[in-house]
Each structure stands twice: as structure tokens, then as C-alpha cells.
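Q: The structure is given below, and queries will be raised subsequently.
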Amino acid sequence: MIQTLNHLPRPTLDGATLAEHFSDLAPPLTPRQAQLEASRCLYCYDAPCVNACPSEIDIPSFIRHIHTDNVQGAAQKILAANILGGSCARVCPTEVLCQQACVRNNAQECAPVLIGQLQRYALDNAQFSQHPFQRAAATGKRIAVVGAGPAGLSCAHRSALHGHEVVIFEAREKAGGLNEYGIAKYKLVDDFAQRELEFLLDVGGIEIRHGQILGDNLSLSELHQEFDAVFLGLGLAASKRLGLEHEDAPGLLAATDYIRELRQANDLGQLPLAERCIVIGAGNTAIDMAVQMARLGARDVNLVYRRGAADMGATGHEQDIAKANQVRLLTWAAPEQVLLDDQGRVRGMRFARTQLVEGRLQTTGETFELAADAIFKAIGQAFDSTSLDDPLARELKRSGDRIAVDERLRTSIPGVYAGGDCTSLGQDLTVQAVQHGKLAAEAMHAQLMLNVEAA
């Protein structure tokens, strides 16, 4: 349980209502709907949707398979490019990726092909009697993967396919990373992340060791000596701070901490509920937090952002979800002071109104206050550098506060690769992390086999 919120009441909604509120956000397509939607695809030769897909899925090809009733072929085509295609179909911002690039996305056509929902349809309805991919002959090489999130799992799977033995070192008790702990519950329902993980592991050759924390009971120096190659999929484990007094007061915490508890809760009725809450931020995590609090039964949910709506990181689709759940989006307001009650608990926040002056954000001198039982920070995640504190890890070149890598995901240390949110390469998206893991695995394999030939 989240100790800093223990003083708050529990939801008054009954279990059935709560379950309904956290059911699937987007109901799956029926076979008839999938057929009709697939028929809308023009199967473009130089498909712009493929160029917009970070994991390079051959979208026209898998949609054609659906149109010809070859669901198995469609699923295999997707998984060959993105082994976590099921979760990506549910959580990817397709509205600003493949579907935005769709040639039918114009005023005359009215709507793009629903690529994300077709991808989900293919993977949900494929019935594989065995794993669709078979491992190559054993190479005798061993690869260490640190972090069992999307980047690490993707790297492990592709490395295992090449015949390498893979050991994943994971800090938490469950693998899955963001998919297991950080996505809104109504986006990935019914333990989907764990079922997808089990399917991925069925390829064989992958061992997961839990409770392994880099910088604590694990060091990069040891891994570099013991394994032929190392992949760092560390993610962003630390939450950024507001820099305000009383930031650690009861009732103020990172949105990711609450989302993690919510996703792991067996009984949603036992979660602490802030009937009046403030979410600070403008990304998809902020939206997820605000919407889930509203669905738990909060009567007053305000999402506050220091800039305008056009600058919000959350897509228009995500913003529409928030509005549909009666979340108020307040812009041009920056946190100024945490307000406490006589027991030292959060009772609200004072905000300074902001504006742009010659391109720079400034306060106007006006302030306003919002009452709240809890305040959730969703202002971004930061890289936890304590994980790279041994002598070898300190040699890693950085790009800002993240690990610097080249186009082949190689770090400055030979044999050590990195991908996902802990690097500054690409967008902080699940699908991007999957692609990083895949590309790193290919780069590792090429280098390891080159070394074998040279020997």
C-alpha cells in the first residue's frame, strides 16, 4: 500500500462498477469489422505507414493477410518485426505514428485505416500450436540483458533466436517493465503483459533472474567479464522533482508510484482515493493518472500544465480520453507552493499563472489555489545514475543524463549496448524500446559472429 496516502478513504463504488471502469478501453474488432477495415487498405507499395512505424512492421502485408483470412500469417508478419506487437497495438500512439501517415487520413476519406486495432485483431486471434519462430543452432555465446522491460525483452528474444544463451537480470518480482507496472490498467487488461511475456519466453534459451539490481548486488564490471555481450535496458527509474518545499509531505507522490500499485492491486476497492486531486504534467502518464483516479470515483480531478494545450506531450486522443472522464485540463499554470493542513498533509497547491514573452515562459504575477487531498507528479522520469556506479560503468559516455549510443546501439564500452528510455536515441515509446532491443541484438550477433570468424 502507498504509505503517503494511507490517510485517504477508499472508493465507495462497488467491485462490479470498478471492474467495468477498468475494462478494455478499446473493445476489439469483430471478424466482420476486421474484414471491412482491412478492405480499406490500399496496400501502398511505398507505404508511408511503414516509414512511420518505429518497429518497421510491414503493415500493408499483414493487413492483406487479414483481408484474405490468413490471420496466422498476419500475426507472424507482425511478430517478426515486433515480438511485443500485442501490447504495442494497445498502447502505441498510432494516431501520431502509422495512422497519421496513412494515405486515407485526409479530409476526403475522413479517417485512416485503423492499423492499431487490426494489429491487435491479428495477434489476439492467431492460434499458434507452437512458437512461430525457431532458434538457430547454439552458438555457445552468452548475453546479459539488464532490465526485463520492452527493450530488454526484445533484445533477449532476438538474441535467443540467433542461438545465443540469454540471462535477463531484473530488479522487480515481475518482468515486463513499463507494460507490467506503468501503463493505465484499462489499456492492458487481464494480465496481458504476463501472457505476452510467457509467449516470448517460449522460444527458449532465456533465463530471468529477479531481484538483481545494477549498482547494488550486480555490477557492469562483473557482467562484462562473465558474458560475451551486455545490453542495458534500464529505463528511467527516478521521478523528477518539482523543487518545492514540502514536496515529501503526505499526499504528494509520483504518479508512476500510484499507477504501479493500481496495476498490481487484486482489489481496486482497497486503493486510497483522493476525491479531490491534482495531477501535474502534460504527458500520457499524466493523462493515465488523472483518468484512473476519476474512474476510481474521484469527484474533482485537475490536470495542470505550465504551458498551453498545443505543447502538451499527450496526444489529442489521450486528451480526449481525459475530457470524456471529466478531467479538467488547466494550462498556463506553474506549481508555486504546496499547501498543507494543520497535520502537515497536502490540502492543495498554489499555482502561478504563466505566459510566453518573446518565446520564454514567464509568470504573470497572478496566482490561484486548488484544493486537493493528493497531488500526483507526472513531470517526467529521470535516469537513476546510481545503477552505473562501479568503475567500468562510470566510463560510459553520457548524452545529457542518459547513456550515449551510436546508430547500432553501441555504448562507449566495447561489448556493451543500451536501448530504450535510458538512452537519448529516439522517442520514449514502448514501440521504440522494442526496436532498440531488436537492433541491439542484431548488432551484437553480427559482432560476435565476426569475432568467431576472425578467430
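The values are calculated or read from the model by the stated rules, or taken from the named source; none is laboratory data. Worth saying up front: this structure is predicted, and the values here are computed from it rather than measured. FYI the Cβ positions are ideal-geometry reconstructions off the backbone, even for glycines, and counts take in every protein chain you see. All accessible areas refer to the heavy atoms of the entire protein, side chains included, with ligands and DNA or RNA removed. Shrake-Rupley method; radii C 1.70, N 1.55, O 1.52, S 1.80 Å.
Q: Would you please name the residue that is surrounded by the most Cβ atoms within 10 Å (Cβ to Cβ), looking only at residues in region 287-343 that are under 21 Å from the mean Cα position of the chain (by Cα) and acidic (Asp, Glu)?
A: The qualifying residue surrounded by the most Cβ atoms within 10 Å (Cβ to Cβ) is Asp288.
Q: Being out of contact with any His (no Cβ under 8 Å at 6 or more places or on another chain) and either touching a residue at least 24 places away in the same chain (Cβ under 8 Å) or over 20 Å from Asp190 (Cα atoms) (or both) narrows it down to one residue among Leu296, Leu339; which is it?
A: Leu339
Q: Which of the residues that make up region 217-226 are surrounded by fewer than 20 Cβ atoms within 10 Å (Cβ to Cβ) and either in contact (Cβ under 8 Å) with a residue 24 or more places away in the chain or part of a helix (DSSP H, G or I) (or both)?
A: Leu218, Ser219, Ser221, Glu222, His224, Gln225, Glu226
Q: Continuing with the same structure: Please return the ranges of helices (runs of 4 or more DSSP H) entirely within region 81-125 where 1 or more residues are out of contact with any His (no Cβ under 8 Å at 6 or more places or on another chain) and among the basic types (Lys, Arg).
A: Passing ranges, in order: 85-91, 115-125.
Q: Identify the residue in region 344-372 that is hydrophobic (A, V, I, L, M, F, W, C) and surrounded by fewer than 18 Cβ atoms within 10 Å (Cβ to Cβ) and, among all such residues, is farthest from Gly243 (Cα to Cα).
A: Taking the candidates together, the pick is Val357.
Q: Do the conditions hold for Ser23, that is, is it assigned to a loop (DSSP other than H, G, I, E, B), under 21 Å from the mean Cα position of the chain (by Cα) and more than 17 Å from Gln119 (Cβ to Cβ)?
A: Judged against the criteria, Ser23 is a match.
Q: Out of all the residues in region 392-431, which are outside any loop (DSSP other than H, G, I, E, B) and open to solvent by less than 30 Å² (accessible area, probe 1.4 Å)? Before the answer, list the steps.
A: Filtering region 392-431 for residues outside any loop (DSSP other than H, G, I, E, B) gives 393-395, 398-399, 402-403, 410, 416-418, 420-423, 430-431.
Scanning region 392-431 gives Ala393, Ile403, Val416, Tyr417, Ala418, Gly420, Cys422, Thr423, Thr430, Val431.
Q: Given the criterion touching a Gly at 6+ places or on another chain (Cβ under 7 Å), open to solvent by 30 Å² or more (accessible area, probe 1.4 Å) and either free of Cβ contacts under 8 Å to residues at least 12 places away in the same chain or at negative phi (or both), identify the matching residue among Leu197, Leu178, Leu201. Explain how you work it out, then say what you get.
A: Numbers: Leu197 fails: open to solvent by 30 Å² or more (accessible area, probe 1.4 Å); Leu201 fails: touching a Gly at 6+ places or on another chain (Cβ under 7 Å).
Only one candidate qualifies: Leu178.
Q: Quick one: how many residues across region 53-80 are assigned to a helix (DSSP H, G or I), closer than 28 Å to Arg135 by Cα and over 20 Å from the mean Cα position of the chain (by Cα)?
A: 16
Q: Tell me the residue from Ala322, Ala352, Ala309, Ala333 that is out of contact with any His (no Cβ under 8 Å at 6 or more places or on another chain), among the aliphatic types (A, V, I, L, M) and at pLDDT below 95, please.
A: The match here is Ala309.
Q: Report yes if Leu450 is in a helix (DSSP H, G or I), of a type in the set (A, V, I, L, M) and under 30 Å from Ala80 (Cα atoms), otherwise no.
A: yes
Q: If Glu198 passes every condition in (1) in a helix (DSSP H, G or I); (2) more than 22 Å from the chain's Cα centre (by Cα); (3) closer than 30 Å to Ala75 by Cα but one, which one does it miss?
A: (2)
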